[in-house]
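No value in this document is a laboratory result; all are computed from the given coordinates. For clarity, every value in this text was computed on a predicted model and none was experimentally measured. We place every Cβ from the backbone using ideal geometry, glycine too, and count neighbours over all the protein chains shown.
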Amino acid sequence: MNKKILLDELKKNMETDEGLPLFGSATLVFGEGDPEARVMFIGEAPGFFEDKVGRPFVGRAGKLLGKLLADIGWPRGSVYISNIVKRRPPENRDPLPEEIEAYKPYLKKQIKIIDPKVIATLGRFSMNYFLPNAKISLDHGKPVIVKTKEKSVLILPLYHPAAALRSTNVLKELEKDFKKLPALLNLKTKA
Ligand code: URA
């Protein structure tokens with residue numbers, strides 16, 4: 001079936017799932033972009049501005065994400081952007097393990113529908129979701145092939161753009177790592 005229809009259905013299911021943490025206290029920020037995208041960016045959780053408009057990465061970190069994409073020649077709408085936890089934790093606190101766990105089945109389905117070749121994780125929460133033992137300062141920019149039963153996907157751990165707004169060194173690393181993305185699309189990941 002059409003990926004857009006499947007994503008719309010998944011979003012509807014999330015909107016009515018009262019068992020999800022943060023239900024009723026924050027806006028659902030499901031994710032956006034090209035359902036056929038070959039690259040999916042996954043952040044941590046929505047912040048203040050995302051909660052206001054129901055779209056991911058629209059604040060200062062989002063503007064930087066858009067610039068990094070533009071610098072490698074990719075329009076924002078050509079990729080898919082989402083988060084591990086899809087509602088804003090109060091005061092932008094870190095997502096709790098039980099929140100990550102509760103949103104996991106939806107994220108899994110979202111990834112299964114989009115079926116990207118590359119997942120670029122933004123920040124340590126997203127990285128550790130796929131690579132539990134990885135350390136962002138050591139492992140950023142190092143692509144890893146993660147195999148499931150029938151698929152393989154390339155994970156590229158990236159620093160979170162919000163961290164790059166706080167440190168010029170992190171920004172330089174993030175810019176360098178971003179430039180690796182186009183070549184990853186041409187890499188053969190299956191035997
Ligand atoms: N930070 C995130 O991790 N996600 C957003 O959508 C916005 C800021």
## Note on the structure
Note, the range 158-165: 3J(HN,Hα) by Karplus (6.51, -1.76, 1.60, θ = phi - 60°), whole Hz, Gly/Pro = x, goes 10, 5, 6, x, 5, 5, 5, 6
### Task
For each pair in K149/K176; K67/K180; K63/K172; K12/K104, compute the distance between the two Cα atoms and list the pairs where it is over 24 Å.
K149/K176
### Task
Find, among the GluC sites (Glu not before Pro) in the range 91-155, those assigned to loop by DSSP (not H, G, I, E, B) with at most 13 other beta-carbon atoms within 10 angstrom.
E150
### Task
Evaluate E = 1/(1 + (r/R0)^6) for K142 and K112, where r is the Cβ-Cβ distance and R0 equals 25 Å; express this FRET efficiency to the nearest 0.05.
0.50
### Query
What's the longest bit of the chain with no exposed trypsin sites (Lys or Arg not before Pro), using DSSP loop states and at most 15 other Cβ atoms within 10 Å as the test?
39-92
### Task
Can you bin the range 99-191 into rounded, prolate or oblate? Criterion: square roots of the alpha carbon gyration tensor eigenvalues sorted a ≥ b ≥ c, rounded for a/c under 1.5, prolate for a/b above b/c, oblate for the rest.
oblate
### Task
Quote the charge dipole size of the range 92-191 about the Cα centre in Debye, to the nearest 20; the model charges only the Cβ of Lys and Arg (+1) and of Asp and Glu (-1).
420
## Note on the structure
Whole-Hz Karplus couplings 3J(HN,Hα) for the range 35-51, θ = phi - 60° and coefficients 6.51, -1.76, 1.60, Gly and Pro as x, run x, 9, 4, 8, 10, 10, 9, 10, x, 8, 6, x, x, 4, 6, 4, 5
### Task
When a/c is below 1.5 the answer is rounded, else prolate if a/b is larger than b/c, else oblate, so apply that to the range 1-81 with a ≥ b ≥ c taken from the square roots of the Cα gyration tensor eigenvalues.
oblate
